[in-house]
Each structure stands twice: as C-alpha cells, then as structure tokens.
Amino acid sequence: MKALHALIIDDNAQNRDIIGRLLAKQGFQTTEAADAQSLDSLLETLVPVDIVFLDLELPGRNGFEILRRMKADARFEHVPIVACTVHLNEINRAHQQGFHSFLGKPLDAGRFPEQVARILDGERVWESG
C-alpha cells in the first residue's frame with residue numbers, strides 16, 4: 001500500500017512542523033511550501049498528493065488566491081484542499097470560495113487523525129475549534 005502524501009502550505013515553520021508531525025504519525029509523506037513563490041516552483045515538479053493543508057494568510061498571496069490556482073490545475077481536481085488557519089472568522093468565506101474543509105488553529109492533536117480520515121473518506125469537515 002502506498003503512503004499517503006500531503007502538501008502543507010504555511011509560512012509559519014512551527015505550524016508546518018506540527019502538521020507534518022501529526023501527519024507522520026498517520027504514515028503520511030509530506031511536502032511543504034512556506035510561501036507562494038516556493039509553491040510556484042514546487043508545483044512544477046510535485047508528485048501527486050492526497051490532501052492539501054493551506055493557510056489563508058501568506059506573504060505575497062493569500063490562501064484564496066492559491067486555492068483558485070490549484071483548483072484550475074487538473075492535478076488537484078479530486079484533492080481535498082483544507083483551509084487551516086487561526087482566522088476562524090473566515091470559515092464562511094472559505095466555504096463560499098470552494099475549500100473542501102476547514103480546520104481552525106490551533107489544531108487539536110487528539111482529533112486531527114479522525115478529522116483527516118473523514119476528509120479522505122470524502123466528508124467535508126468544517127470545524128473551527
């Protein structure tokens with residue numbers, strides 16, 4: 001069975017580390033991008049991913065702009081893109097803009113594996129706390 005692969009897009013190294021560690025405990029391989037510029041070059045060579053965790057506030061481009069770009073890319077057509085942010089007041093906008101799911105930060109390490117499993121099963125998870 002192939003390992004699942006997650007893309008983590010967040011400008012905060014600590015956030016990327018936390019998400020990466022939580023996913024590693026579930027057997028995921030991860031690829032990380034810290035900003036829109038590194039994401040642009042990464043997307044040119046990125047191997048297929050099973051899930052994307054996207055922060056909404058990034059330097060140079062916000063998560064909504066990145067979401068639009070990714071949704072226009074056929075490689076992400078069936079990949080759940082999860083808004084992962086401290087900006088809990090953005091949950092309605094994230095839903096309207098087409099995010100698959102929304103997880104508020106700080107993430108709950110105890111609930112995270114179950115949330116990810118539900119998302120990968122096709123369920124849309126909208127949790128702000």
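No value in this document is a laboratory result; all are computed from the given coordinates. Since the model is a prediction, treat every value here as computed from it, not as a measurement. Cβ sites come from the backbone with ideal geometry, for glycine too, and all protein chains shown count toward neighbours.
Values as computed for the structure displayed
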| item | result |
| --- | --- |
| Whole-Å distance, taken between Cα centres, linking the stretch 75-111 and the stretch 1-25 | 15 Å |
| Pairwise label distance in nanometres, Leu43 with Arg111, each label 7 Å out on the Cα-Cβ vector | 3.1 nm |
| Long-range HN-HN contacts of Trp126 with modeled amide H, under 5 Å | Phe102 |
| Inter-label distance for Glu123 and Glu65, nm, one decimal - labels placed 7 Å from Cα along Cα-to-Cβ | 3.5 nm |
| Low-density loop cleavage sites - trypsin sites (Lys or Arg not before Pro) in the stretch 1-91, where at most 12 other Cβ are within 10 Å (DSSP) | Lys2, Lys25 |
| In the stretch 1-85, the chymotrypsin sites (Phe, Trp or Tyr not before Pro) that fall in loop regions by DSSP, at most 13 other Cβ within 10 Å | none |
| Convex hull projection area averaged over all views, the stretch 58-129, Cα basis, nm² | 5.0 nm² |
| Per-residue ³J(HN,Hα) for the stretch 105-111, Karplus 6.51 cos²θ - 1.76 cosθ + 1.60, θ = phi - 60°, Hz, x for Gly and Pro | 9, x, 5, 8, 4, x, 9 |
| Helix-only CD estimate at 222 nm, as mean residue ellipticity for the chain, using -39500 (n - 2.57) per DSSP H run (n ≥ 4) | -10000 deg cm²/dmol |
| Chain lengthening between Leu88 and Gln29 when straightened (0.36 nm per residue, less Cα-Cα) | 18.5 nm |
| Cβ-based charge dipole, the stretch 13-62, positive-most Cα from Ile51, Asn62, Gln26 | Gln26 |
| Amide H partners (placed H, <5 Å) of Gln29, local residues excluded | Leu4, His5, Ala6 |
| Radius of gyration, Dmax [the chain; alpha carbons; angstrom] | 13.2, 39 |
